[in-house]
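For reference, the structure discussed in these notes is given below.
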Amino acid sequence: MQAIPSEFLEIDRKERVNRPFFDLDLRPAEERTCDFDDVVISFDPERAMVEAARCIHCPDPAPCMVACPPHNDIPSAMWLIEQGRFDEAAEIYHKTSSLAEICGRICPHEALCQGSCVLNKHNAPVLTGELETFAVDYQRRVSGYVIPLGTPTGKKVAIIGAGPAGLGCTDILIRLGHEVTIFESKPGPGGLLMYGIPNFKLPKDVWSEKWEQFKNAGVKFVPNTYIGRDKTIDGLFAEGFDAVFIGIGSEIDAKMEDTPGVDLPGVYEATDFLIRGNVEHDLLPANMRKPLELGKRVVVIGGGDTASDCLRTALRLGSEEVTCLYRRTEKEMPGGKKDRQMARDEGAKYRFLTQPVKFIAGADGKLAAVECIEMRLGEPDAKGRRKPIPVEGSNFSVACDTAVLALGYWPDPIIGDTTPDLKVHSYGLITAEKRTGTTSRPGIFSGGDCVTGPDLVVSAMVAGREAAVTIDKYLRNEA
């Protein structure tokens, strides 16, 4: 933790604990569903200083810092924001996070830093995520931010995937003086940040400005290049790259292959639905440029954050009746409560203990309904999760024009299939050491969702940063 004056730490903590809490300001639901603009109303400087002053500055290591995957020095940032030293607070975040502008907006803070704030015991936690967003946005808009570059080493690294893991790795490598080229299968950079997260959670201009920082730092970008099909990893080494980092995420939608009617017009996979519903036409992959044909009645199948994003996107695209179908109860839903509540506020409905078993066509051959069966929860399995069991004879139908399958994601096996001696497991996940990103092939490193399976943006970013440190040692013959 940064040194804080002793007299500051002697301020009565009880007084801070009892300071009033004011929750985030959100745009009214009836207004925000009319557009894809940001839902959260950003702090102004005065509000940020007041909120930061609620921090009681726990002894090091503060629980919020421990719970933060990159271990941002949150208490020091709170102190600087309280003092009105916003640029310095932003620099605190940039030291440990490559995507502070992003993580401040989309991290599930209630499960990480904010959820670990000791004020939860007596009052309400400090709004750490919004304060991170405020500080880095203030610096970006007022004084600007430039990624510091290291002395050139002459070494070249290929990054496969322009998402959170690849960006985290890139950030550290260029700071250490290495030349970086990012290869991306889609037309634009960002991965999940551009193509998976809707604008109302992460405005595209925020991501675009972040990407400009990487471009200004000399990062090269090669779009529309599918490694494993258009090029191979061995081919990249032949082109002169000294090391390769694989950060392709886990972006293959889970299927309902054995469900009758799943291929009917009107049934979409979540990735296809979100990309076509949220991304500008000129940045769409060639196979996703046909406009969505969205009906008035939409069902979203699944219970994670992607399901919430699809529900809220459907409402903004004009659907009148939007319903989430989930086979367990709300207690078992993996998605964040905050997003789920916002979806409800905006008009989404939920039907729990409901499992779709058939997609039914209407007279025009398009989707007209989903046949479902009621479920009950059995005994907990070895992981403590209760298995859903069909209730015999409980079948019923839900009328709908559009169904979106938000069932989770699998890895793309193409890298493992086209890279000799690279160990993979579990349908294509890359085998790599957690803290170093080291794989079975010298010079090849990996991190993020293509190693762990679907996880948080911040976790993927941290994995990329950690792998970059190992890559640097490898390039300097220190590994």
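The values are calculated or read from the model by the stated rules, or taken from the named source; none is laboratory data. As the structure is a prediction and not an experimental result, all values here were calculated from the model. FYI the Cβ positions are ideal-geometry reconstructions off the backbone, even for glycines, and counts take in every protein chain you see.
In summary, Ala165 fulfils each of the numbered conditions (1) in a loop (DSSP other than H, G, I, E, B); (2) modelled with pLDDT of 95 or more with the single exception of condition (1).
In the list Tyr138, Tyr226, which residue meets the criterion of being of a type in the set (Ser, Thr, Tyr) and either touching a Phe, Trp or Tyr at 6+ places or on another chain (Cβ under 6 Å) or under 30 Å from Ala29 (Cβ atoms) (or both)? If you could, list the steps in order and put the result at the bottom.
On the way: Tyr226 fails: either touching a Phe, Trp or Tyr at 6+ places or on another chain (Cβ under 6 Å) or under 30 Å from Ala29 (Cβ atoms) (or both).
Exactly one of Tyr138, Tyr226 is of a type in the set (Ser, Thr, Tyr) and either touching a Phe, Trp or Tyr at 6+ places or on another chain (Cβ under 6 Å) or under 30 Å from Ala29 (Cβ atoms) (or both), namely Tyr138.
Among the residues of the stretch 365-384, write down those that are surrounded by 10 or more Cβ atoms within 10 Å (Cβ to Cβ), in a loop (DSSP other than H, G, I, E, B) and on the phi < 0 side of the Ramachandran plot. If you could, list the steps in order and put the result at the bottom.
Taking the stretch 365-384 as the starting set, the residues that turn out to be surrounded by 10 or more Cβ atoms within 10 Å (Cβ to Cβ) are 365-378, 380.
From what's left, in a loop (DSSP other than H, G, I, E, B): 365-366.
If the condition is that a residue be surrounded by 10 or more Cβ atoms within 10 Å (Cβ to Cβ), in a loop (DSSP other than H, G, I, E, B) and on the phi < 0 side of the Ramachandran plot, then Lys366 is the only one that fits.
Ile160 passes every criterion in (1) surrounded by 24 or more Cβ atoms within 10 Å (Cβ to Cβ); (2) closer than 18 Å to Pro75 by Cβ; (3) among the β-branched types (Val, Ile, Thr) apart from (2).
For every residue, the table says whether it meets (1) more than 21 Å from the chain's Cα centre (by Cα); (2) at pLDDT 95 or above.
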site: Leu24; (1), (2): no, no
site: Pro59; (1), (2): yes, no
site: Pro63; (1), (2): yes, yes
site: Pro69; (1), (2): no, yes
site: Gly84; (1), (2): yes, yes
site: His94; (1), (2): no, yes
site: Glu101; (1), (2): no, yes
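Checking each residue in the stretch 121-134 for being at pLDDT 95 or above, out of contact with any Lys or Arg (no Cβ under 7 Å at 6 or more places or on another chain) and not hydrophobic (A, V, I, L, M, F, W, C) picks out Pro125, Thr128, Gly129, Glu130, Glu132.
Of everything in the stretch 207-227, what is buried (at least 20 other Cβ atoms within 10 Å of the Cβ) and part of a helix (DSSP H, G or I)? Give them in sequence order. Those that are buried (at least 20 other Cβ atoms within 10 Å of the Cβ) and part of a helix (DSSP H, G or I): Trp207, Lys210, Phe214. Number of residues in the stretch 58-101 that are outside any helix (DSSP H, G or I) and either touching a Phe, Trp or Tyr at 6+ places or on another chain (Cβ under 7 Å) or assigned by TED's automatic domain parsing to the domain that holds Gly190 (or both): the value is 1.
Take the stretch 438-450 and flag every residue that is closer than 16 Å to Gly161 by Cα and either of a type in the set (Ser, Thr, Tyr) or in contact with a helix residue (DSSP H, G or I) (Cβ under 7 Å, 6 or more places away or on another chain) (or both). Listed by number, the residues that qualify are Ile444, Phe445, Ser446, Gly447, Gly448, Asp449.
Those residues that are part of a loop (DSSP other than H, G, I, E, B) and either β-branched (Val, Ile, Thr) or more than 31 Å from the chain's Cα centre (by Cα) (or both), I need them from the stretch 385-410; list them, please. First the steps, then the outcome.
Kept after step one, since they are part of a loop (DSSP other than H, G, I, E, B), are these residues of the stretch 385-410: 385, 391-395, 400-401, 406-408.
Selection gives Val391, Glu392, Gly393, Ser394, Asn395.
Residue check: Thr418 meets all listed conditions (1) in the same structural domain as Ile160 (by TED's automatic domain parsing); (2) over 30 Å from His109 (Cβ atoms); (3) touching a Cys at 6+ places or on another chain (Cβ under 8 Å) but one, namely (3). Among the residues in the stretch 194-201, are any surrounded by fewer than 22 Cβ atoms within 10 Å (Cβ to Cβ), in contact (Cβ under 8 Å) with a residue 60 or more places away in the chain and farther than 17 Å from Leu283 by Cα? Yes, the stretch 194-201 contains at least one residue that is surrounded by fewer than 22 Cβ atoms within 10 Å (Cβ to Cβ), in contact (Cβ under 8 Å) with a residue 60 or more places away in the chain and farther than 17 Å from Leu283 by Cα. Across the stretch 114-157, the qualifying residues are those that are under 21 Å from Ile81 (Cβ atoms) and among the basic types (Lys, Arg), and the one among them that is surrounded by the most Cβ atoms within 10 Å (Cβ to Cβ) is Arg140.
Quick check, is Thr439 surrounded by 19 or more Cβ atoms within 10 Å (Cβ to Cβ) and not hydrophobic (A, V, I, L, M, F, W, C)? Before you say what the answer is, go through the steps one by one.
Working: surrounded by 19 or more Cβ atoms within 10 Å (Cβ to Cβ): yes; not hydrophobic (A, V, I, L, M, F, W, C): yes.
For Thr439, the condition - surrounded by 19 or more Cβ atoms within 10 Å (Cβ to Cβ) and not hydrophobic (A, V, I, L, M, F, W, C) - is met.
Across the stretch 279-318, what is the total count of residues that are in a loop (DSSP other than H, G, I, E, B) and touching a Leu at 6+ places or on another chain (Cβ under 6 Å)?
Of the stretch 279-318, the ones in a loop (DSSP other than H, G, I, E, B) are 279-280, 284-285, 289-296, 302-304, 317-318.
Within this subset, residues satisfying the condition of being touching a Leu at 6+ places or on another chain (Cβ under 6 Å) are 294, 302, 317.
Within the stretch 279-318, residues that are in a loop (DSSP other than H, G, I, E, B) and touching a Leu at 6+ places or on another chain (Cβ under 6 Å) number 3.
The condition of being among the β-branched types (Val, Ile, Thr), modelled with pLDDT of 95 or more and surrounded by fewer than 16 Cβ atoms within 10 Å (Cβ to Cβ) holds for only one of Val457, Val451, Val391, Val404, that being Val391. One residue stands out among those in the stretch 265-312 that are under 18 Å from Ile252 (Cα atoms), polar (S, T, N, Q) and modelled with pLDDT of 95 or more: the one that is surrounded by the fewest Cβ atoms within 10 Å (Cβ to Cβ), which is Thr271.
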